[in-house]
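Undergrad: Before anything else, here's the structure in question.
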Amino acid sequence: MARTATLFVCQSCGSSHNKWAGKCEGCGEWNTIVEEIAADRPPQGLGKAKGRVIEFLPLSGTSVAQPRRKTGIAEFDRVTGGGLVAGSAILIGGDPGIGKSTILLQAVAKLTANTKCAYVSGEESTDQVRMRAQRLGLATAPVNLASATNVRDIIATMDSEKFDVVVIDSIQTMYLDNLDSAPGTVAQVRASAQELIRAAKRRGTCLLIVGHVTKDGQIAGPRVLEHMVDTVLYFEGDRGHTFRILRAVKNRFGPTDEIGVFEMGELGLQEVINPSALFLSQRSQEISGSAVFAGMEGTRPVLVEIQALVAPSPLGTPRRAVIGWDSARLAMVLAVLEARCGIQIGPNDVYLNVAGGLRITEPAADLAVAAALASSLSGVPVPSDMVIFGEVGLSGEVRNVGQTETRLKEASKLGFKHAMLPGHAKKEKKDDLRLTHVQHLKDIMPLFTED
């Protein structure tokens, strides 16, 4: 009897090995190599057969714009670029219990008014999905519901029923019956996604795919999965908070870095029209170590509270704890404060938190973080009616950032009276805002000097 050939495949990057090893040489990850049964015949190349000549078309030709299908959930439509595009594939990832299945069930329930939708669950039975729909008040929505994991059966159903929108929950549970590996492995995830996307584009069906994430927050399976789809969305947020952030990190049909803000309630995820007011709703007044940052998330201005605490450290090595911001960026701001402004923070513990569970990535938050740190160290609070934004350089200069007008307009709408911004910014004149332009980080130090 012939011996079955096996390979050892990394579940993180998909590279193959002849024997098991603790560390993958391809991506450097540990304990990700799993034994899989090799295919009967390896790929053999092209051989002598000739392919057909590809027909090229001019770039200047006319194209027919596909109308978008709006889900009726404004925040979801904002992140996708204005709605769902026919024939597109959207991958949604996030931590367990963050709300991936909930938001997709709500979306397809609203789409059924004029769209034929199907929800295919590979993790739950149809009764479990119905129970969730009843809790969300969606029990009467005419959604076609099925529990299946065989990709061959799903594609055959898509070809016969001609659905407009199909939800696959989740891709890690799908499998192809001509592969011997188990569902969730690199080979199955890659092949299943490829077949489903090919079928969706052939039929003009919008495919919504749920993807599990690893402990590092990345979508489980091969990295090529994110390259195959048209849009990648990530759900962010702490399950201890009611806020959920849906962020676009890739979008072929709209802007990237766009966010949608939701609040988890009894009837599922409810969209938040004004997230700035929500993030600042529990802000304490006249407390040292707190500063309001006027940031931008995609095309949307968002005002969020940055909290800092500088306290004496009982340890030989002081702690640096950060939530919602880049720890390397915090280390840089601390170094600039000590070297350029003469503030001694070294022997103290430093804790930094972005309130509300939002994660900030833009460097425009440097000035607000520096103000919060100086306020906490001196005990002098930042004025409660002030918003701050600006990038800080290594020499201490405060650099200009984009979309200043949009940030100031949002601050004015929420009742703020004072704004601190880079000195090189355009000298706007605001009747309802007092503007303070700073060119160097040391220019903000007099604000935190007790009289």
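Undergrad: Enter the mean projected area of the convex hull around the alpha-carbon atoms of segment 94-194, in nm², rounded to one decimal.
TA: 6.7
Undergrad: To continue, here is another question. Just for segment 74-273, what percent of DSSP beta bridges are antiparallel, to the closest 5?
TA: Taking every DSSP beta bridge with both residues in segment 74-273, the antiparallel ones total about 40 percent.
Undergrad: If each residue's Cβ is checked for other Cβ atoms within 10 Å, how do K417, K100 rank with the fewest at the top?
TA: The most exposed by this proxy come first: K417, K100.
Undergrad: Pull up the cross-link candidates among the aspartates and glutamates for K19, meaning alpha carbon to alpha carbon under 15 Å and not fewer than 8 places away within one chain.
TA: Within reach: E35, E36.
Undergrad: How do H227, H212 line up, fewest other C-beta atoms within 10 Å first?
TA: Result, fewest neighbours first: H227, H212.
Undergrad: With the dipole of the chain worked out from charges on the C-beta (+1 for Lys and Arg, -1 for Asp and Glu) around the Cα centre, which of P275, S288, F416 lies farthest toward the positive end?
TA: Working it through, the farthest residue towards the positive pole turns out to be P275.
Undergrad: Helix 404-413 sits at what angle to the longest principal axis of the chain, using alpha carbons and giving 0 to 90 degrees rounded to 10?
TA: 80
Undergrad: Still on this structure, please answer the following. Based on the Cα gyration tensor of segment 74-273, what are the three equivalent ellipsoid semi-axes, each the root of five times an eigenvalue, rounded to whole Å and given largest first?
TA: Ellipsoid half-lengths, sorted descending, are 23, 19, 17 Å.
Undergrad: Helix-derived [θ] at 222 nm for the chain: sum -39500 (n - 2.57) over DSSP H runs of at least 4, divide by residue count, nearest 500?
TA: Taken over the chain, the calculation gives -7000 deg cm²/dmol.
Undergrad: By counting other Cβ atoms within 10 Å of each Cβ, how are T317, T231, T185, T242 ranked from fewest to most?
TA: T317, T242, T185, T231
Undergrad: If one takes the longest principal axis of the Cα atoms in the chain, at what angle in degrees, from 0 to 90 and to the nearest 10, does the Cα axis of helix 151-161 lie?
TA: Taking Cα atoms only, the helix is inclined about 90 degrees.
Values quoted throughout were computed directly from the atomic coordinates according to the rules given, and no laboratory measurement underlies them. Just so you know, these numbers come straight off a predicted model, no measurement behind them. Cβ sites come from the backbone with ideal geometry, for glycine too, and all protein chains shown count toward neighbours.
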